[in-house]
1. Restricting to segment 153-197, and then to whatever is polar (S, T, N, Q) and within 20 Å of the chain's Cα centre (by Cα), can you tell me which residue is surrounded by the fewest Cβ atoms within 10 Å (Cβ to Cβ)?
2. Being of a type in the set (Lys, Arg) and under 20 Å from Met166 (Cβ atoms) is the filter here, so list the residues in segment 210-247 that pass it.
3. Only one of these is in contact (Cβ under 8 Å) with a residue 24 or more places away in the chain, in contact with a Lys or Arg (Cβ under 7 Å, 6 or more places away or on another chain) and either surrounded by fewer than 23 Cβ atoms within 10 Å (Cβ to Cβ) or within 19 Å of Arg21 (Cα to Cα) (or both): Arg241, Arg235. Name it.
4. Mind checking whether some residue in segment 138-148 is in a helix (DSSP H, G or I), touching a strand residue (DSSP E or B) at 6+ places or on another chain (Cβ under 9 Å), free of Cβ contacts under 8 Å to residues at least 40 places away in the same chain and more than 23 Å from Tyr37 (Cα to Cα)?
5. Quick one: is Ile223 β-branched (Val, Ile, Thr), surrounded by 19 or more Cβ atoms within 10 Å (Cβ to Cβ), within 24 Å of Leu31 (Cα to Cα) and in contact with a strand residue (DSSP E or B) (Cβ under 6 Å, 6 or more places away or on another chain)?
6. So which residues in segment 70-94 are in a helix (DSSP H, G or I) and of a type in the set (A, V, I, L, M)?
Amino acid sequence: MGESGETSSSGPQSPGPKYRRVLLKVSGEALMGDEPYGIDLKMVERIAGEVRDATEIGAQVCLVIGGGNIFRGLSAAAQGMERASADYMGMLATVMNALAMQTALEGIAVDTRVQSAIPMTSVCETYIRRRAMRHMEKGRVVIFAGGTGNPFFTTDTAAALRAAEMGCDALMKGTQVDGVYSADPKTDADATRFDALSFHDVLAKDLRVMDASAVSLARDNDIPIVVFSIHDTGRFVDVLRGEGPCTVVS
């Protein structure tokens with residue numbers, strides 16, 4: 001993926017993005033901020049600002065946002081709810097998060113479209129691949145909601161699928177920490193961060209970067225997964241330029 005964006009006039013000697021078109025995957029929990037559940041609007045606005053900054057350096061950005069801050073299908077299924085119904089409820093939660101992010105982005109003058117894998121035309125567009133690509137070519141941010149539209153698949157898998165369909169140069173995974181570690185750095189002081197990993201290493205070592213089907217889909221379509229901290233201000237633009245702490249799985 002070559003350097004691009006050098007024709008942009010966003011600032012003197014401002015380097016363009018290393019990755020020209022990317023999908024940003026954000027967990028629903030990231031939208032909670034300091035709240036115990038639900039949506040922290042200040043956190044949504046901060047992430048929206050990161051996305052705006054990315055578009056200003058010439059990147060085309062689409063997003064997939066999880067729904068775990070509102071409803072987690074696997075947890076409900078574990079408590080006895082039928083899994084397919086639980087997953088559909090989780091998909092509806094992702095639509096709510098997508099609409100919150102759209103509102104925040106449009107509040108800072110970023111033209112945004114939400115496309116749902118589950119048709120709900122009174123609320124947002126239905127997912128159509130060519131229409132989504134056209135939106136991105138016009139500089140709009142596209143938020144993909146409703147997962148894959150099918151139960152038994154996570155939003156990680158939906159993110160890898162949409163990244164492949166959109167022809168993305170990278171799948172950006174915004175997490176709570178600044179990369180992939182050998183263990184949980186919050187509980188293990190000896191955990192070491194990896195700068196780079198192969199898809200095989202991630203699957204063989206069960207490193208939990210994303211679920212196995214998402215990692216396999218990214219590997220099969222030669223889409224690197226870049227894991228970074230969504231909580232570090234300015235980090236999204238840094239990793240788009242190939243800078244700053246992160247882990248690249250390729």
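FYI, it's all coordinate maths here, none of it is from the lab. As the structure is a computational prediction, the values presented were derived from the model and not from experiment. Note that each Cβ is placed from the backbone with ideal geometry, even for glycine, and that neighbours are counted across all protein chains shown.
1. As a first pass, look at segment 153-197 and keep what is polar (S, T, N, Q): 154-155, 157, 175-176, 182, 187, 192.
If we keep only those that are within 20 Å of the chain's Cα centre (by Cα) as well, we get 154-155, 157, 175-176.
On the way: Thr154: 19, Thr155: 30, Thr157: 23, Thr175: 21, Gln176: 12.
The extreme case among them is Gln176.
2. Listed by number, the list holds a single entry, Arg219.
3. Arg241
4. no
5. For Ile223, the condition - β-branched (Val, Ile, Thr), surrounded by 19 or more Cβ atoms within 10 Å (Cβ to Cβ), within 24 Å of Leu31 (Cα to Cα) and in contact with a strand residue (DSSP E or B) (Cβ under 6 Å, 6 or more places away or on another chain) - is not met.
6. Within segment 70-94, Leu74, Ala76, Ala77, Ala78, Ala84, Ala86, Met89, Met91, Leu92, Ala93 meet the criteria.
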